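Notes follow once the structure below has been shown.
The values are calculated or read from the model by the stated rules, or taken from the named source; none is laboratory data. All values reported here derive from a predicted model rather than from experimental measurement. For neighbour counting, all protein chains shown are included, and Cβ atoms are generated from backbone atoms with ideal geometry for every residue, glycine included.
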Amino acid sequence: MGQIKDKAGNVFRWENIKDDKYKYIVMIDYFVKVNIQTQNINNKFYSLLGGQLLIKHGYKWDGASGPTIDTHNTMRASCVHDVLYQMIRCQELNQDKKDASDRELERIMKEDWKTKTIFGKGWNAIRSGYFYYAVKLFGGSSCIPGSQVSNKQRY
């Protein structure tokens, strides 16, 4: 099990799972402010109300995608990003919210960077920037309706 506390004091807690499609599960409801304004969205997996995103206990996701490894500072960001992309795929969010979703990944990764490395403080900006440009350039196919798992298959 892992957990991280965000700047607002909210705890994001997850566990590794053995599943054919997912690697992680959210262990407690998690609230986070996002810079995405839209109509209210509410279902059994998540809700987005006035820029407040709730990821509900039991939500599953696959961590960061691409040529990378999941680390403590990518877990919250990858989960929030997966939820936002799922909203786009399910046509609950407009396609024009993709870049804002990608920026949320970058912002949250920067917030969660607490590990000191031999690379110094600059490594945070490099890694979060790399993630942002990777999803900006290659994440579009993950936003196409019907391209991945639907809401019915998430739990």
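Can you pull out the residues in segment 48-83 that are free of Cβ contacts under 8 Å to residues at least 24 places away in the same chain and either over 21 Å from residue 4 (Cβ atoms) or not polar (S, T, N, Q) (or both)?
49, 50, 51, 67, 69, 82
Any chance you could count how many residues in segment 12-27 are exposed (fewer than 14 other Cβ atoms within 10 Å of the Cβ) and among the aliphatic types (A, V, I, L, M)? Give the steps one after another, and end with the answer.
Step one: of segment 12-27, the residues exposed (fewer than 14 other Cβ atoms within 10 Å of the Cβ) are 15-21.
Next cut, among the aliphatic types (A, V, I, L, M) only: 17.
Number of matching residues: 1.
Answer with yes or no whether residue 107 is at pLDDT 85 or above and either under 19 Å from residue 22 (Cβ atoms) or not hydroxyl-bearing (Ser, Thr, Tyr) (or both). Break it down stepwise before answering.
On the way: at pLDDT 85 or above: yes; either under 19 Å from residue 22 (Cβ atoms) or not hydroxyl-bearing (Ser, Thr, Tyr) (or both): yes.
The answer is yes for residue 107.
Applying the selection to segment 20-40, what residues are part of a strand (DSSP E or B) and of a type in the set (Lys, Arg)?
Residues of segment 20-40 part of a strand (DSSP E or B): 24-26, 30-33.
Across segment 20-40, the qualifying residue is only 33.
Residue-by-condition table, conditions (1) of a type in the set (Ser, Thr, Tyr); (2) touching a residue at least 24 places away in the same chain (Cβ under 8 Å):
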site: 9; (1), (2): no, no
site: 13; (1), (2): no, no
site: 17; (1), (2): no, yes
site: 22; (1), (2): yes, yes
site: 25; (1), (2): no, yes
site: 30; (1), (2): yes, yes
site: 41; (1), (2): no, yes
site: 45; (1), (2): no, yes
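Taking the condition of being modelled with pLDDT under 90, in contact with a strand residue (DSSP E or B) (Cβ under 8 Å, 6 or more places away or on another chain) and among the small types (Gly, Ala, Ser), how many residues in segment 55-77 meet it?
1
Please determine whether any residue of segment 41-52 is in contact with a strand residue (DSSP E or B) (Cβ under 7 Å, 6 or more places away or on another chain) and either in a loop (DSSP other than H, G, I, E, B) or among the β-branched types (Val, Ile, Thr) (or both).
Yes, there is a match, as at least one residue in segment 41-52 is in contact with a strand residue (DSSP E or B) (Cβ under 7 Å, 6 or more places away or on another chain) and either in a loop (DSSP other than H, G, I, E, B) or among the β-branched types (Val, Ile, Thr) (or both).
Check whether at least one residue in segment 97-114 is crowded, with 17+ Cβ neighbours inside 10 Å, in contact with a helix residue (DSSP H, G or I) (Cβ under 9 Å, 6 or more places away or on another chain), in a loop (DSSP other than H, G, I, E, B) and touching a residue at least 12 places away in the same chain (Cβ under 8 Å), and report yes or no.
Yes: segment 97-114 contains one or more residues that are crowded, with 17+ Cβ neighbours inside 10 Å, in contact with a helix residue (DSSP H, G or I) (Cβ under 9 Å, 6 or more places away or on another chain), in a loop (DSSP other than H, G, I, E, B) and touching a residue at least 12 places away in the same chain (Cβ under 8 Å).
Any residue at all in segment 85-96 that is of a type in the set (D, E, K, R), closer than 15 Å to residue 143 by Cβ and either in contact with a helix residue (DSSP H, G or I) (Cβ under 9 Å, 6 or more places away or on another chain) or touching a residue at least 60 places away in the same chain (Cβ under 8 Å) (or both)?
yes
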